[in-house]
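Please treat every number below as a calculation from the coordinates, not as lab data. Everything quoted here is computed from the prediction, not taken from an experiment. Here the Cβ is made from the backbone with ideal geometry for all residues, glycine too, and neighbour counts use every protein chain on show.
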Amino acid sequence: MKKQLLVIFIAIIAVIGLFTTCDNGDTHSCSFGNWVELTPATCHTARSEERTCSCGETETRIVGEPLAHNYGAWETKTEANCITAKVEKRICSLCGYEDTQNVGEPLGTAHNYSEWTTKTEATCVASEVEKRSCSLCENEETRNVDEPLGHQGLTPAFAATCTVAGNSEASGTCTRAGCGQTITGTVIPALGHDWNWNSYISGSGRRECQRSACTVTAGIGHTGPAGGIIFYHDPNGFTMTDTGETAFWLEAAPAHMGSWRWSTLASGQGQIPPDVAGTSQAIGTGRRNTALILAVDATAPAALACRNYSNNGFTDWFLPSGDELNQLYLRREVFGLSSGQFWSSSQSFFSDSVWFQNFANGVRSVDQKYMQRTVRAVRAF
């Protein structure tokens, strides 16, 4: 029984082997044609063949090995020269591939150079370049000759002065034909005057710039020893009424102290601000006025802001008197001021009011001590 089943199974396999399934899903008996050449063999690839089924399906196969190159005879490609050997070549007649080989050694002789001739002319920034060529190998050798011509027509370098910037190198536009390059150089900022106030002898009333060759005398708009801006100078001097010393200059702080009340007491507190007796409007009294204010009103905002101010190591600033403030107004353009209402340290005819000045029009008026006005500290020296 088992032998009969085995025979039947083999018969079924044989029948199935007569059929195949194509790409389109149909099952049929395979019927391939003969193998035909698809691509011929070359020096680099073997021959390929293809056959086609009656259903259109194809099969390919590789046959044999790639062909060997069929080279011709060696022939000269490049002759030997001073630095390279002779090179020969041969060409495959089947694929056109070129094979090369070096033959022998370089000639090993010295170059046979021609005379030096100009390759490029000198310019403002580059030297002249000369060349010469070897007659054996065409090798070219070059060299720089002399120096670049340099720009012409420029302004020479010059040192900075107190008021004029300098330049570290020649600058301007080159006038040499074919150039026209603009050279800016490195600008050296103006040095500014060197008053060297540390060596200033108090009482002279005059101070010249300490830089060599500068004869400018310190005056309005220049920087004072405390880093402020000078706005008043009296060559004959004026008396500081708190100490009796003679001063010649007034400088103002570089910036405002802010906006402050003159008195500690504010409006509506039902109290009368303290009377500061003995203040004056004259030049030379502002420092004493400030001390008088703080003696009776220790936290008076405007005066205290000036007393507490420090700049460049100096702490002797004060709220200017009425006339000192007026001098600041007269020099307001130096500070770039065109408006603002500024407190003085001078009490008015009434104990509850103080002199202030409007920098928009110069008008000097009085106002209550609890009002807020702009404050600018000054000092004398």
Checklist outcome for this item: Taking a ≥ b ≥ c as the square roots of the Cα gyration tensor eigenvalues, with a/c under 1.5 meaning rounded and otherwise prolate when a/b beats b/c or oblate if not, the chain comes out oblate
Checklist outcome for this item: Rounded to 0.05, the calculated FRET efficiency for the beta carbons of residue 351 and residue 162 at R₀ = 35 Å is 0.10
Item to check | Total charge dipole magnitude, the range 119-240, about the Cα centre, Cβ charges on Lys, Arg, Asp, Glu only, Debye to nearest 20 | outcome: 520
Checklist entry - For the range 276-381, rounded, prolate or oblate, judged on the Cα gyration tensor with a ≥ b ≥ c (square roots of eigenvalues), a/c < 1.5 rounded, else prolate if a/b > b/c? => result oblate
Item to check | Per DSSP, loop chymotrypsin sites (Phe, Trp or Tyr not before Pro) in the range 230-296 with at most 13 further Cβ within 10 Å | outcome: none
Next on the checklist: Name the residue from 159, 122, 243 whose Cα lies farthest towards the positive end of the charge dipole of the chain, charges +1 on Cβ of Lys and Arg and -1 on Cβ of Asp and Glu.
Outcome noted: 243
Checklist entry - For the range 197-380, what is the relative contact order in percent, using Cα pairs closer than 8 Å and at least 6 residues apart in sequence? => result 23
Checklist entry - Measuring from label point to label point, each 7 Å out along Cα→Cβ, what is the residue 97 to residue 57 span in nm? => result 3.7
Checklist entry - What is the spread of the Cα atoms of the range 222-353 along each of their three principal axes, largest first, in whole Å? => result 46, 32, 28
Checklist outcome for this item: If every Lys and Arg gets +1 and every Asp and Glu gets -1 at its Cβ, then about the Cα centre the chain yields a dipole, in debye to the nearest 20, of 1780
Item to check | Listed residue (266, 198, 292) projecting farthest to the positive dipole end of the range 197-380, Cβ model | outcome: 198
Checklist outcome for this item: Charge tally for neighbours of residue 312 with beta carbon under 14 Å away, counting Lys, Arg as +1 and Asp, Glu as -1, is -1
Item to check | Cα pair distances of the range 116-176 binned at 10 Å [whole percent] | outcome: 20, 28, 21, 15, 10, 4, 1
Checklist entry - GNM on the chain, C-alpha springs below 10 Å: top fluctuator among 151, 256, 44? => result 44
Checklist entry - On a 0 to 90 degree scale, rounded to 10, what angle separates helix 286-296 from the longest Cα axis of the chain? => result 80
Checklist entry - Which trypsin sites (Lys or Arg not before Pro) from the range 199-244 combine a DSSP loop assignment with at most 15 other Cβ atoms within 10 Å? => result 206
Next on the checklist: I'd like the orientation of helix 2-16 relative to the chain: the angle between its Cα long axis and the longest Cα principal axis, in ° from 0 to 90, rounded to 10.
Outcome noted: 70
Checklist outcome for this item: For the range 37-93, whose charge dipole is built from +1 on Lys and Arg Cβ atoms and -1 on Asp and Glu Cβ atoms, the candidate among 62, 80, 46 with its Cα farthest towards the positive end is 80
